[in-house]
Amino acid sequence: CAAGTYGPHCAIACRCKNGAECDRFTGECKCPRGFKGADCSSQCENGLYGDDCQMKCDCNGGSCQQKTGKCICGSGHQGDRCERECDPGHFGFGCREACGNCSIDGFTAHCDARTGACLKCPIGRSGMNCQHSCEDGKWGQDCAETCSCAEGHKCDPVTGKCICDYGYTGEKCEQKCPDGTWGSGCANKCPPCANGAQCNHMDGTCTCPAGYEGRLCNRLCVAGFWGLGCSKQCNCASEFKQCDPHTGECACPAGWQGDRCNKPCEDGYYGPDCINKCKCRGTSSASCHRVTGACQCHAGFTGEFCHALCPEGTFGLRCSKECGDCGVGYECDAAIGCCHADQLSCGQALLEFQRQQGSEGHSRTGIIALAVIVFGILSVLLVSMMLYYRRKYFREKEPEVPTVVFHAENHDEGTEFNNPLYSRQSVLDPDRGAEFLTPEEEALEQKKLRGRSPADRMQNEYASLDEMAGPTSSSRGQCTVPLLADSNEGATGMDEGYEIPQYMNGLNSPQRREKENELNSHRVGNFYS
């Protein structure tokens with residue numbers, strides 16, 4: 001049969017693979033070395049080789065070729081049977097790779113025969129191939145040691161000695177450079193910084209305090225700026241930008257005040273920040289220039305402090321006008337010139353001048369006068385209250401009822417009956433009605449009555465009550481007052497012995513007026529006694 005066929009008439013095709021031959025009679029495959037299976041499609045497993053994979057590899061744990069059995073060494077081994085590790089400086093499969101990265105600065109390091117990692121790096125180096133220096137803060141073999149330097153400072157990765165940054169010194173770099181020095185190892189000398197500026201211990205530059213600038217801090221901030229580095233703008237009014245270069249406080253020019261220098265000086269003050277008090281004599285005689293403090297005299301005043309009136313014969317602003325002849329009844333006022341002496345505005349400048357000259361003396365006199373006035377008012381009020389309550393007391397003490405005298409009929413002696421309740425006599429005045437007598441008046445009246453006989457007391461100067469009750473004229477004012485409302489009613493009962501006392505008759509007679517004058521003079525004497 002031709003290759004690839006078998007059986008009767010070689011009519012059947014073989015099923016063998018990988019170049020295997022088949023039996024021409026049976027068709028069975030005959031596998032080449034390294035393959036196995038009915039159709040020779042499978043390779044030998046690791047560790048087996050030869051015909052039908054019947055032989056075991058002898059490669060020290062390594063694999064071998066499936067056909068020949070030659071050892072294929074794993075990473076890190078070499079030899080016919082893979083019995084040896086790689087030579088120093090080599091690694092990998094068949095030890096074909098070189099440990100080149102482990103050789104640094106003349107130091108040849110061994111590497112792992114399998115991975116190629118350096119087994120031992122030089123002191124101060126780290127990494128798989130010793131390609132890295134120790135990270136900050138580490139030093140020594142495999143960078144396993146920790147630096148003891150002050151925070152932020154590095155150490156030598158080999159020796160561990162602290163490497164100080166610029167501006168620091170000391171075994172552990174814990175100290176700044178002494179004053180006047182700077183830089184690495186504090187070996188450099190500082191420049192002559194001005195205005196208390198400090199030399200930077202790291203770079204040697206002058207660190208200016210607030211308000212100064214320049215390489216040596218010898219210049220103030222330019223106008224309009226202040227603070228550290230002169231970086232802040234002054235917050236003053238737009239037309240007055242200048243401020244203190246150290247604090248930023250606005251430096252007000254003369255005539256202005258306020259946090260932003262935007263308020264003019266108040267009356268009576270002048271100068272920068274308005275701290276100076278004007279020396280002018282009184283605000284009514286002069287005003288003070290808010291910038292210079294110079295007194296600007298009002299009309300009628302002169303002098304450096306406007307403390308004097310215009311010289312006689314002159315008036316007005318700066319006393320620049322002449323009065324001339326004012327004429328009879330007129331006078332020259334220092335402020336307005338000729339004016340009539342009776343005019344309200346005339347003489348105001350003189351009055352103001354006199355007020356200023358005597359302000360200190362008048363102040364004390366005014367206080368004394370005020371005290372006297374207050375005392376006088378209180379005294380008048382006290383006396384008025386005493387008089388008021390005295391009159392009220394006597395008016396309320398006894399009712400205002402005229403005394404009524406009773407006479408029994410047919411008795412010449414005229415026996416009298418006096419009501420005890422109304423024993424105090426009163427006098428009727430046509431203008432004021434009934435009026436009680438004081439004890440002194442009553443005694444005087446009784447003395448006069450005792451000089452008359454009972455018959456005289458019963459006599460009546462009037463023909464009837466109508467006549468007595470007629471219109472009367474009071475010396476205090478023209479007024480018509482009826483003594484009784486009804487003369488007929490007043491006459492009723494008169495024949496039973498009730499009579500009007502003699503001193504009540506003839507109210508408007510000359511005798512009555514004479515008696516009143518006498519009583520009034522007696523009352524005045526009693527009151528002041």
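Of all residues in the stretch 201-210, those satisfying the criterion of being crowded, with 20+ Cβ neighbours inside 10 Å and either among the charged types (D, E, K, R) or part of a loop (DSSP other than H, G, I, E, B) (or both) are 201, 208. Report, by residue number, each residue of the stretch 270-309 that is surrounded by fewer than 19 Cβ atoms within 10 Å (Cβ to Cβ) and aliphatic (A, V, I, L, M). If the condition is that a residue be surrounded by fewer than 19 Cβ atoms within 10 Å (Cβ to Cβ) and aliphatic (A, V, I, L, M), then 275, 291, 294, 308 are the ones that fit.
Per-residue answers, yes or no, for (1) in contact (Cβ under 8 Å) with a residue 60 or more places away in the chain; (2) in contact with a helix residue (DSSP H, G or I) (Cβ under 7 Å, 6 or more places away or on another chain); (3) loosely packed, with under 15 Cβ neighbours inside 10 Å; (4) farther than 17 Å from residue 65 by Cα:
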{"position": "2", "(1), (2), (3), (4)": "no, yes, yes, yes"}
{"position": "11", "(1), (2), (3), (4)": "no, no, yes, yes"}
{"position": "16", "(1), (2), (3), (4)": "no, no, no, yes"}
{"position": "20", "(1), (2), (3), (4)": "no, no, no, yes"}
{"position": "36", "(1), (2), (3), (4)": "no, yes, no, no"}
{"position": "39", "(1), (2), (3), (4)": "no, no, no, yes"}
{"position": "47", "(1), (2), (3), (4)": "no, no, no, no"}
{"position": "50", "(1), (2), (3), (4)": "no, no, no, no"}
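Within the stretch 205-223, the presence of a residue that is touching a strand residue (DSSP E or B) at 6+ places or on another chain (Cβ under 7 Å), in contact (Cβ under 8 Å) with a residue 12 or more places away in the chain, among the basic types (Lys, Arg) and under 30 Å from residue 137 (Cα atoms) is excluded.
Looking only at residues that are small (Gly, Ala, Ser) and within 52 Å of the chain's Cα centre (by Cα) in the stretch 321-336, which one is surrounded by the most Cβ atoms within 10 Å (Cβ to Cβ)? Per the criteria, the residue is 334.
I'm checking my understanding of the structure. Among residues of the stretch 124-152 that are crowded, with 18+ Cβ neighbours inside 10 Å and in contact with a helix residue (DSSP H, G or I) (Cβ under 9 Å, 6 or more places away or on another chain), which one is nearest to residue 96 (Cα to Cα)? For the stretch 124-152, the residue satisfying everything is 129.
If you go through the stretch 257-312 and pick out every residue that is outside any loop (DSSP other than H, G, I, E, B) and at pLDDT below 85, you end up with 2. Note on the stretch 136-157: residues that are among the acidic types (Asp, Glu) and under 17 Å from residue 118 (Cβ atoms) amount to 1. Regarding residue 84, is this residue within 27 Å of residue 113 (Cα to Cα) and not small (Gly, Ala, Ser)? Judged against the criteria, residue 84 is a match. Within the stretch 340-363, identify whether any single residue is of a type in the set (D, E, K, R) and either surrounded by 13 or more Cβ atoms within 10 Å (Cβ to Cβ) or at pLDDT 80 or above (or both), and answer yes or no. So far as the stretch 340-363 goes, yes, one or more of its residues are of a type in the set (D, E, K, R) and either surrounded by 13 or more Cβ atoms within 10 Å (Cβ to Cβ) or at pLDDT 80 or above (or both).
For (1) assigned to a loop (DSSP other than H, G, I, E, B); (2) within 30 Å of residue 158 (Cα to Cα); (3) out of contact with any helix residue (DSSP H, G or I) (no Cβ under 7 Å at 6 or more places or on another chain); (4) small (Gly, Ala, Ser), each residue gets a yes or a no:
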| residue | (1), (2), (3), (4) |
| --- | --- |
| 61 | yes, no, yes, yes |
| 81 | yes, no, yes, no |
| 115 | yes, yes, yes, no |
| 121 | yes, yes, no, no |
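The values are calculated or read from the model by the stated rules, or taken from the named source; none is laboratory data. Everything numeric here is computed off the predicted structure, so don't read it as measured data. So basically every Cβ, Gly included, is an ideal-geometry build from the backbone, and we count neighbours across all protein chains shown.
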